[in-house]
Amino acid sequence: MTSDLLTQEKAIEYWEERHRESNILKAGGDRGLSDAANKLFYALRAGRLLELIARRFNPLSPLLILDAGCGRGLFSDLLSRGGHIVTGIDSSKTAIEYCIDNCSGEYFCSEIRNFRPRSLFDVVYSIDVMFHILDDRVWEDSLANLCSTVITGGLLIITDTHLKERWIKGDYIVHRPSDDYLGVTQQVGLSFKDFHPYNFGGNPIGFYVFERP
Ligand SMILES: C[S@@+](CC[C@H](N)C(=O)[O-])C[C@H]1O[C@@H](n2cnc3c(N)ncnc32)[C@H](O)[C@@H]1O
């Protein structure tokens, strides 16, 4: 843990404030992009996510899905209106209140590490969240908890860079090496399938796909 990084408490406050003060696209999207470009960025990731889900499941038959760090529900709402049974969680009260008022699906304010679902999910995904969990212990507990919510035969889809080294950007981003993702997920019985880069501008992030055999 580097001392320049926000503490866990401050990181949660940062997101709460960002959801309160930014528009829906800038709150959860890339603040360096225009709203129009962020719309494209969301469309591309939604398409990729669906494609990855469709490689294992029929995307038209209802799946139990968890969106971990759902923000203001741009992915969860789409999937829920498409017929899936979607639960969204986020640590930001403002984001969750927005989702309850505006999105389809069921929403809970919770940190990922503390979430205890009533049942397991066919698909658990977390888009652009894990690298914002700065404390290594909290990150590990959060990732292990997400793994524990995946049903046998189900998928875990997480986004981060695919690097050998840790890469810290500013005070609220820690990209962890792929070995860290593989280590935690293997320990709790998930196997790594593959990695799919976003390929959007110069964005180095992409989707890690794991499954519970
Ligand atoms: C970059 S935004 C992405 C939001 C959403 N996935 C999207 O792409 O629109 C990161 C989100 O993660 C949430 N978050 C950060 N740390 C979290 C944690 N430990 N548990 C749950 N949510 C968290 C933030 O509140 C924020 O909504």
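The values are calculated or read from the model by the stated rules, or taken from the named source; none is laboratory data. Quantities reported herein were computed from a predicted structural model and do not represent experimental measurements. Quick reminder, even Gly has a Cβ in these numbers, built from the backbone with ideal geometry, and neighbours come from all protein chains shown.
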Go through (1) away from the ligand (no atom under 12 Å from the Cβ); (2) at pLDDT 95 or above; (3) not in a helix (DSSP H, G or I) and name the single condition residue 4 misses. (2)
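From the set of residues in region 128-145 that are hydrophobic (A, V, I, L, M, F, W, C) and assigned to a helix (DSSP H, G or I), which is nearest to the chain's Cα centre (by Cα)?
Only one residue tops the list, namely 130.
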For region 155-213, enumerate the residues that are surrounded by 13 or more Cβ atoms within 10 Å (Cβ to Cβ) and among the acidic types (Asp, Glu). 160, 171, 180, 211
Where the second residue is near the ligand (Cβ under 10 Å from one of its atoms) and not in a helix (DSSP H, G or I) and the first is more than 15 Å from residue 172 (Cβ to Cβ) and lies in region 13-26, which pairs have Cβ atoms under 7 Å and are six or more apart or on separate chains? 24/72
Across region 74-92, which residue is surrounded by the most Cβ atoms within 10 Å (Cβ to Cβ) among those that are of a type outside the set (Lys, Arg), part of a helix (DSSP H, G or I) and more than 9 Å from the ligand (Cβ to nearest atom)? 79
Residue in region 28-48 that is more than 14 Å from the chain's Cα centre (by Cα) and within 30 Å of residue 152 (Cβ to Cβ) present: yes
I need the full set of residues from region 49-58 which are surrounded by 14 or more Cβ atoms within 10 Å (Cβ to Cβ) and either acidic (Asp, Glu) or outside any helix (DSSP H, G or I) (or both), in order please. 57
Within the set of pairs 6+ apart or on separate chains, which have a first residue in region 104-120 that is under 13 Å from residue 90 (Cα atoms), a second that is in a strand (DSSP E or B) and of a type in the set (S, T, N, Q), and C-beta atoms under 8 Å apart? 106/87; 107/87; 108/87; 112/126
Residue list for region 109-127, filter: assigned to a helix (DSSP H, G or I) and aliphatic (A, V, I, L, M): 112
Residues that are polar (S, T, N, Q), within 12 Å of the ligand (Cβ to nearest atom) and over 23 Å from residue 52 (Cα atoms), drawn from region 98-140: 110, 114
Residues to consider are 140, 97; find the one that is more than 24 Å from residue 6 (Cα to Cα) and either surrounded by fewer than 23 Cβ atoms within 10 Å (Cβ to Cβ) or among the β-branched types (Val, Ile, Thr) (or both). 97
Pick out the one residue from 27, 95, 46 that is part of a helix (DSSP H, G or I) and either more than 10 Å from the ligand (Cβ to nearest atom) or within 21 Å of residue 123 (Cα to Cα) (or both). 46
Please tell me if residue 22 is among the hydroxyl-bearing types (Ser, Thr, Tyr) and either away from the ligand (no atom under 13 Å from the Cβ) or surrounded by 19 or more Cβ atoms within 10 Å (Cβ to Cβ) (or both). no
If you go through 32, 71, the only one that is surrounded by 19 or more Cβ atoms within 10 Å (Cβ to Cβ), outside any helix (DSSP H, G or I) and small (Gly, Ala, Ser) is 71
